[in-house]
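What follows is one structure encoded as structure tokens, with my remarks underneath.
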Amino acid sequence: MYRITIKEGKDKAPKRHHPWVFSGAIDRIEPEFTEPGWAEVYSASGIFIAYGWYDEKSHIILRLMSWNRKESVGDDFVRKLVKDAVIRRKSFFSLPNTTAFRLIHGEADFIPGLAVDAYGRELRAIVSSRFANQYLAVIAEELDRMLHPSLIEAVTDKQFAGIEGLAEKIRHFRNGCETREDENRENARFIENGIWYEAAPGKGQKSGFYCDQRDNRMVCEEYAKGKTVLDLFSYTGAFTLHLLRGGAEKVDAVDSSESALRHLLYQVHLNEDKKVLPEGTRDRVTITSANAFEWLRESEDGKYDMMILDPPKLAKTKGSLENAMKAYKDLNRVAMMKIKNGGIIATYSCSGAMTREDFRTMLSWSATDAGCEIQILRTLSAGSDHPVRLSFPESEYLKGYILRVIK
Ligand code: SAH
């Protein structure tokens with residue numbers, strides 16, 4: 001095990017249980033680094049702080065995982081982290097109408113750079129750290145022992161592959177062992193609050209579905225009756241499906257991905273077949289493949305009673321926050337200008353680098369420039385299967401508001 005000493009004055013965050021330590025905070029490592037491994041971490045005055053994983057090729061050189069001096073870190077410790085995270089989701093396994101939820105939420109569950117979602121009987125893992133990549137087999141084995149999934153599919157997070165020096169790969173595990181992909185494998189079918197979905201194997205964005213918005217889709221459904229709605233950045237239409245079930249007269253879905261939009265229509269048909277949506281619902285939906293920012297600017301004034309704005313992560317790091325704030329501001333400003341008087345905007349940001357305060361500040365700039373008043377009707381966040389860890393503010397990545405626009 002390595003022994004790492006943190007520089008004087010740099011130990012505040014690790015002592016407050018923040019899990020990330022960057023190279024600039026490290027005074028020395030003993031013995032000299034040869035390969036990634038577990039480390040005991042000490043303050044400059046020699047007081048134990050935490051155990052972590054040290055890897056010089058990672059963009060976060062030291063990832064802290066336990067602040068308990070008595071912990072014995074290693075494979076069994078990782079198995080325990082997996083087990084504890086799954087047990088914390090116990091109530092989700094018995095939900096009557098939902099079979100998709102998050103089992104492991106990265107640092108918020110003390111497993112850096114790993115997200116695992118359940119989609120019916122299949123599990124999808126997203127790997128965004130060298131640590132999670134190294135421990136993937138151990139993690140898959142423990143998940144298999146506890147849950148006996150039909151398959152575990154693990155993909156490298158594209159956004160982090162470069163900075164973590166990870167190959168973009170898809171790996172499969174069955175019965176606890178790594179296997180080759182079954183070419184004829186069917187799409188994973190699952191339900192969320194009574195609506196049916198299919199996630200195409202390995203092809204989707206992230207893990208193929210965004211279950212963090214589960215509760216927020218239900219909230220939007222409440223506002224949909226009789227409305228003409230714009231679902232901007234619709235992806236495969238999870239919001240659209242809820243809006244339709246909620247009785248929206250018309251939903252226009254816009255996304256840059258044509259394949260996502262085709263899948264949206266497929267899912268409308270699937271829910272018609274399952275009698276979740278009435279026959280003929282398809283006629284209430286349009287799909288448009290376009291750059292949403294430009295499309296919105298060109299869209300008809302006063303057409304929509306309601307808009308969903310769920311853009312991708314625009315601020316990838318703290319460094320890109322300023323530019324991202326401008327992009328978010330512009331998007332929300334144009335939406336506020338275009339929507340009908342009294343219209344409802346459900347607006348989101350999934351940028352971990354942007355705090356809730358930043359998000360609200362940005363919205364107030366948008367309102368000022370759009371020359372309107374805004375009432376916040378609801379404050380939204382990710383579901384409780386995506387917990388926010390108080391000592392890791394970055395885990396509060398998904399923020400949202402239901403706004404009423406008054407002109
Ligand atoms: N609301 C969706 C998730 C949206 S994810 C859901 O609930 O499932 C963000 C989406 O934005 C992705 O589908 C991506 O294809 C799309 N996207 C990214 N950049 C875009 C752009 N410039 N214009 C339109 N869509 C874009």
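The values are calculated or read from the model by the stated rules, or taken from the named source; none is laboratory data. Predicted model only: the values in this text are computed from it and were never measured. Neighbour counts run over all protein chains shown; Cβ positions are idealised from the backbone, glycine included. Keep in mind that these areas ignore ligands, DNA and RNA; they rest on the heavy atoms of the full protein, side chains included. Shrake-Rupley method; radii C 1.70, N 1.55, O 1.52, S 1.80 Å.
Of all residues in the range 223-278, those satisfying the criterion of being of a type in the set (D, E, K, R) and near the ligand (Cβ under 9 Å from one of its atoms) are Asp231, Asp255. Quick test for you: out of Glu186, Glu181, Glu222, pick the one residue that is modelled with pLDDT of 95 or more and of a type in the set (Asp, Glu). Exactly one of Glu186, Glu181, Glu222 is modelled with pLDDT of 95 or more and of a type in the set (Asp, Glu), namely Glu222.
Residues that are closer than 16 Å to Ile195 by Cα number at least 1 in the following helices (runs of 4 or more DSSP H) confined to the range 215-318: 238-245, 258-273. Checking Ile195, Ile191 one by one, the residue that is outside the structural domain of Tyr328 (by TED's automatic domain parsing), closer than 24 Å to Arg121 by Cα and away from the ligand (no atom under 13 Å from the Cβ) is Ile191 and no other. Within the range 287-318, restricting attention to residues that are open to solvent by 70 Å² or more (accessible area, probe 1.4 Å) and either of a type in the set (Lys, Arg) or under 20 Å from the mean Cα position of the chain (by Cα) (or both), the residue that is farthest from the ligand (Cβ to nearest atom) is Lys318.
Looking only at the range 328-350, decide whether some residue is touching a strand residue (DSSP E or B) at 6+ places or on another chain (Cβ under 6 Å), over 23 Å from Ser395 (Cα atoms), in a loop (DSSP other than H, G, I, E, B) and open to solvent by 10 Å² or more (accessible area, probe 1.4 Å). No, that holds for no residue.
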